[in-house]
Amino acid sequence: MSKLSPTLKALISAPYARPNTLPAPPHIRSVYERLRQEASAKNVGTPAWLTLSTATTMTMNSPGGLTELYKLATEGEGGREEAVRTAELMREVGLKCIGFNGVPRTINCLGAFRASLPSEIASSLSTKPTRQTSPTNITSILTRGASLWKSIYHPYDTKLFAKLAASHPDLPTFIVDHEYGALFADPDARVPGARVGRVLTSVVA
């Protein structure tokens, strides 16, 4: 079995490489609270500021920050059902962050986020996947991807597709079919509270 060289190990472990998750930054709760207040003052709903805060925290690779954000978002808001919906929305945002931050951060943050939730909330989260591909749904997934791609980039969608293909012929195909179709576009079967449509996905980006 091959081993990493001492030089490569040192590079991976260097402080500036930030190989591990980060603790919640000091005063992060006050940052979230200020964002919530500004959103409320401008009649911006909870899904928007919560999506923005979740995506930013995912980018920071800070599971502890997600915990603080969830606590603030559910403080004095409704009951258990609303708390579950909030957690579902944050999980969905985290999942879509794969397309912007990569898989490792999403794995780290979503795993730690679930572990930090109250047991009655964690046990109520959906366990049924909604993005499994099969012969019966693959056409609709590809159609959703192409539709979302065109709705965002029209009238330059075809030109952009060709430009990406010049870099690698599979690059735009993977992006449209698997990122836009299977990930960014909401699946037909939606979990209550977990809808992150085109507008909120743009906020994630």
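Each value in this text was obtained by applying a stated rule to the coordinates, not by laboratory testing. Predicted, not measured: the structure shown is a model, and the values here were computed from it. Neighbour counts are summed over all protein chains in view; Cβ atoms, including those assigned to glycine, are modelled from backbone coordinates with ideal geometry.
Want the number for Ser30 to Thr136: 0.36 nm per residue separation, take away the alpha-carbon distance, what's left?
On the way: separation 106, 0.36 × 106 = 38.16 nm, distance 4.74 nm.
Between Ser30 and Thr136, full extension yields 33.4 nm more.
Going down the table (Lys128/Lys159; Lys96/Lys128; Lys42/Lys71; Lys42/Lys128; Lys42/Lys159), which pairs top 26 Å between alpha carbons? Listed pairs above 26 Å: Lys128/Lys159; Lys42/Lys128; Lys42/Lys159.
When a/c is below 1.5 the answer is rounded, else prolate if a/b is larger than b/c, else oblate, so apply that to the stretch 138-184 with a ≥ b ≥ c taken from the square roots of the Cα gyration tensor eigenvalues.
Working: a/c = 2.42, a/b = 1.29, b/c = 1.87.
Because a/c hits 1.5 or more and a/b fails to exceed b/c, the stretch 138-184 counts as oblate.
In the stretch 63-180, taking the dipole from charged Cβ atoms about the Cα centre, the farthest positive-side position among Ser147, Pro118, Ala165 is held by Ala165. Summary of packing: across the peptides 152-161, 97-106, the per-residue average of other C-beta atoms within 10 Å ranks them, highest first, as 97-106, 152-161. Computed packing ranks the peptides 85-91, 122-128 as 85-91, 122-128, most packed first, by mean other Cβ atoms within 10 Å. Per-residue Karplus couplings for the stretch 63-76, computed as 6.51 cos²θ - 1.76 cosθ + 1.60 with θ equal to phi - 60°, are listed in order as x, x, x, 4, 4, 5, 5, 4, 4, 5, 5, 9, 5, x Hz, Gly and Pro entered as x. Working note: Karplus 6.51/-1.76/1.60 with θ = phi - 60° gives the stretch 175-184 the couplings 4, 5, 6, 9, 7, 6, x, 8, 10, 5 Hz, where Gly and Pro are set to x. In terms of packing, defined here as the mean over residues of other Cβ atoms within 10 angstrom, the peptides 56-62, 21-27 line up highest first as 56-62, 21-27. Spin-label pair Thr158-Lys128: with each label point 7 Å from Cα along the Cα-Cβ axis, the two points sit 4.1 nm from one another. The 3J(HN,Hα) values that the Karplus relation (6.51, -1.76, 1.60; θ = phi - 60°) gives for the stretch 46-56 are, in residue order, 4, x, 5, 5, 6, 5, 4, 5, 5, 4, 5 Hz. Gly and Pro appear as x. Inter-label distance, Asp170 to Glu81: 4.6 nm, where each label sits 7 Å from its Cα along the C-beta direction.
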